[in-house]
1. Give me a count of the residues in the range 62-83 that are under 27 Å from Gly117 (Cβ atoms) and either without any contact (Cβ under 8 Å) to a residue 24 or more places away in the chain or in contact with a strand residue (DSSP E or B) (Cβ under 8 Å, 6 or more places away or on another chain) (or both).
2. It is to be established whether one or more residues within the range 134-148 are within 13 Å of the chain's Cα centre (by Cα) and of a type in the set (Ser, Thr, Tyr).
3. If you check Lys64 against the conditions, is it under 23 Å from Thr121 (Cα atoms), surrounded by fewer than 18 Cβ atoms within 10 Å (Cβ to Cβ), of a type in the set (D, E, K, R) and modelled with pLDDT of 95 or more?
4. For the range 149-165, how many residues are among the aromatic types (Phe, Trp, Tyr) and either within 23 Å of Ser103 (Cα to Cα) or more than 11 Å from the chain's Cα centre (by Cα) (or both)?
5. Among the residues of the range 65-82, which ones are of a type outside the set (A, V, I, L, M) and more than 19 Å from the chain's Cα centre (by Cα)?
6. Given the conditions (1) surrounded by 21 or more Cβ atoms within 10 Å (Cβ to Cβ); (2) in contact with a Pro (Cβ under 9 Å, 6 or more places away or on another chain), report the number of the one that Ser128 does not fulfil.
Amino acid sequence: MESIKEAQKDMNEGYYYGVPGIVSSGTVWLLAGILALLVEPRIGVATLVFGGTLIFPVSVLLCKALGRTGKHSKGNPLAPLAIEGTIWMLLSIPIAIGAAFTSLNWFFPAMLLVVGGRYLTFNTIYGSRVYWAFGVVLAVSAVSIIALRAPVYIGGLLGGIIEYVFAVIVLVQTKKN
């Protein structure tokens, strides 16, 4: 690939602008919030941690169902950034889990910060500044949840709602371009 724009185009074509991943992630967040509310907060936490392992495989299946490959071309220069961002995110999850041992109310906000930071890199991967807004909204939500001392489940529900809203925003933006 000759340029960053070509690499971004390849990522957008393969992963449908990231929308299936956002929807997969939002679904896990909503399920975690619902279970934290209706069953037990710790079940919600476990749902996000373990359900999170299914986000990428489910997003690939959604990509394929939408007629996309669910992968990028070999040699795409943005692939290392995608992998590095994923590794950074995975290495940050234990921080959120550790925070939960201090206060269970900190888990979802900590994860919102981790995931929000990950989405910031998607501006480079997909070439869309909407991902900067996405990351910032998740971060502001995390801080707000802590400041307002919201119940544990609010973080899961809010994370899922924000993800679904941004899935629609990204999809609408792609239709305009």
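1. Within the range 62-83, residues that are under 27 Å from Gly117 (Cβ atoms) and either without any contact (Cβ under 8 Å) to a residue 24 or more places away in the chain or in contact with a strand residue (DSSP E or B) (Cβ under 8 Å, 6 or more places away or on another chain) (or both) number 3.
2. There is no residue in the range 134-148 that is within 13 Å of the chain's Cα centre (by Cα) and of a type in the set (Ser, Thr, Tyr).
3. No: the conditions fail for Lys64.
4. Going residue by residue through the range 149-165, those that are among the aromatic types (Phe, Trp, Tyr) are 153, 164.
Subsequent filtering for residues that are either within 23 Å of Ser103 (Cα to Cα) or more than 11 Å from the chain's Cα centre (by Cα) (or both) retains 153.
Residues flagged as among the aromatic types (Phe, Trp, Tyr) and either within 23 Å of Ser103 (Cα to Cα) or more than 11 Å from the chain's Cα centre (by Cα) (or both) within the range 149-165 amount to 1.
5. Gly67, Arg68, Thr69, Ser73, Lys74, Gly75, Asn76, Pro77
6. Failing condition for Ser128: (2).
Residue-by-condition table, conditions (1) over 22 Å from Thr47 (Cβ atoms); (2) hydroxyl-bearing (Ser, Thr, Tyr); (3) in a helix (DSSP H, G or I):
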{"residue": "Ala99", "(1), (2), (3)": "no, no, yes"}
{"residue": "Val114", "(1), (2), (3)": "no, no, yes"}
{"residue": "Tyr119", "(1), (2), (3)": "no, yes, yes"}
{"residue": "Ile145", "(1), (2), (3)": "no, no, yes"}
{"residue": "Ile154", "(1), (2), (3)": "no, no, yes"}
{"residue": "Ile161", "(1), (2), (3)": "no, no, yes"}
{"residue": "Gln173", "(1), (2), (3)": "yes, no, yes"}
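The values are calculated or read from the model by the stated rules, or taken from the named source; none is laboratory data. Please read these numbers as outputs of a predicted model, since none were measured by experiment. FYI the Cβ positions are ideal-geometry reconstructions off the backbone, even for glycines, and counts take in every protein chain you see.
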